[in-house]
Amino acid sequence: MDFAHIPVLLEPCMELLNLSRRPDGVFVDATLGGGGHTEEILRRTRGQVFGIDRDREALRAAGARLAPYSGRFSALHGNYADLPALLDGAGVGLVDGVLMDLGVSSYQLDNPERGFSFHADAPLDMRMDQEAALTAADVLNTYEEKEIARILWEYGEEKWAARIAKFIVQARPLHTTQDLVRVIDAAVPAAARREVSHPARRTFQAVRIEVNSELSLLPGALLSAAGRLKSGGRLVVITFHSLEDRIVKNAFRRLQDPCTCPPRSPICVCGKKSAGRIVTRKPVLPSEEECAANRRAHSAKVRAFERGEGEMEI
């Protein structure tokens, strides 16, 4: 398959990165994917972009797509949570902007062999980094029933989590995505199945998040990324579901106002200083035209944070 990629919220992201004020800047696309956002940054600036991705297939495809910019683009294999170490390894200090496009890429969803989609039959994999050890099969076939139920409830907001977990354990071993879909179909009552677009959607999301440690790594990754920004540099983050968005919103609030003093304290005694300001009072949403042209854009939101002056505590 081609690593096709239609960058979501492209224009808002380019505006929020403030490219016009930093035409010679150094930027990081911490979730490179198909390279669509990176290509636009390179096209609009004379600067340099470091693209991070845990999927080597994405790095290869983006490298081919961005070959005309080879002198200004560098691909780095790793997780966005590894951003400080990866930049250190590349000899890069502070940067002018960081972009994160969270969630699974269109290629990973559309490639049935990767096991992300409930529409096709494939091995239960769901690893964004195919060199990682943990797979969806490991989660479903070895985790205790209570732990599976917790994952489905917390990461998928699935109200039938306990029942689905019970059915999963009873049906073990599960080998393919359709094995899991059949279990979910059996576990979720018919009336409830009619209330959602597909009864497997939330379970697949939850298992994918667990396999790739998406939510557990995100808070620290946001703080680390903000810590590598120059004064006036911006961290721009695209989310696709409420769990991610809540983490981003809270992290930005913590960066803007880290004070831990009691609310009624007359003066601040904790000594914690603001790391900058939230640029987006509310998240920026895709236009109706973009939603019509790109189905992945429907649930997307983007928020931005601008680094201030002074030292930052992480």
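The values are calculated or read from the model by the stated rules, or taken from the named source; none is laboratory data. It should be emphasised that the depicted structure is a prediction, and the values quoted were computed from it without experimental measurement. Note: ideal-geometry Cβ built from the backbone for every residue, glycine included; neighbour counts use all protein chains shown.
When the stretch 232-246 is filtered for residues that are more than 13 Å from PRO283 (Cα to Cα) and either in a helix (DSSP H, G or I) or out of contact with any strand residue (DSSP E or B) (no Cβ under 7 Å at 6 or more places or on another chain) (or both), only LEU243 remains.
Taken as a whole, the condition of being of a type in the set (S, T, N, Q) and without any contact (Cβ under 8 Å) to a residue 40 or more places away in the chain does not apply to SER231. Within 23 Å of LEU102 (Cα to Cα) and in contact with a strand residue (DSSP E or B) (Cβ under 8 Å, 6 or more places away or on another chain): does that describe LEU222? Judged against the criteria, LEU222 is a match. Scanning the stretch 268-314 for residues that are of a type in the set (Asp, Glu), surrounded by fewer than 14 Cβ atoms within 10 Å (Cβ to Cβ) and under 24 Å from the mean Cα position of the chain (by Cα) yields GLU288, GLU289, GLU313.
For ASP245, are the conditions met, namely being out of contact with any Gly (no Cβ under 6 Å at 6 or more places or on another chain), assigned by TED's automatic domain parsing to the domain that holds THR38 and at pLDDT 95 or above? Yes: the conditions hold for ASP245. When every residue of the stretch 115-128 is checked against the conditions, at least one turns out to be crowded, with 20+ Cβ neighbours inside 10 Å, at positive phi and modelled with pLDDT under 95.
Residues checked against (1) farther than 19 Å from ARG44 by Cα; (2) touching a Lys or Arg at 6+ places or on another chain (Cβ under 8 Å):
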| position | (1), (2) |
| --- | --- |
| PHE73 | no, no |
| ASP82 | yes, no |
| ALA85 | yes, no |
| GLY91 | yes, no |
| LEU94 | yes, yes |
| GLY97 | no, yes |
| SER105 | yes, no |
| ASP110 | yes, no |
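The helices (runs of 4 or more DSSP H) located wholly in the stretch 77-166 that include 2 or more residues which are of a type in the set (Val, Ile, Thr) and within 19 Å of ALA206 (Cα to Cα) occupy 136-142, 145-156.
Identify, please: which residue in the stretch 55-76 is part of a loop (DSSP other than H, G, I, E, B) and at pLDDT 95 or above and is, among those, farthest from the chain's Cα centre (by Cα)? So the residue we want is ARG72. Criterion applied to THR135, THR142, THR176 was being among the hydroxyl-bearing types (Ser, Thr, Tyr), over 22 Å from SER105 (Cα atoms) and either assigned by TED's automatic domain parsing to the domain that holds PHE204 or at pLDDT below 95 (or both), and the one residue passing it is THR142.
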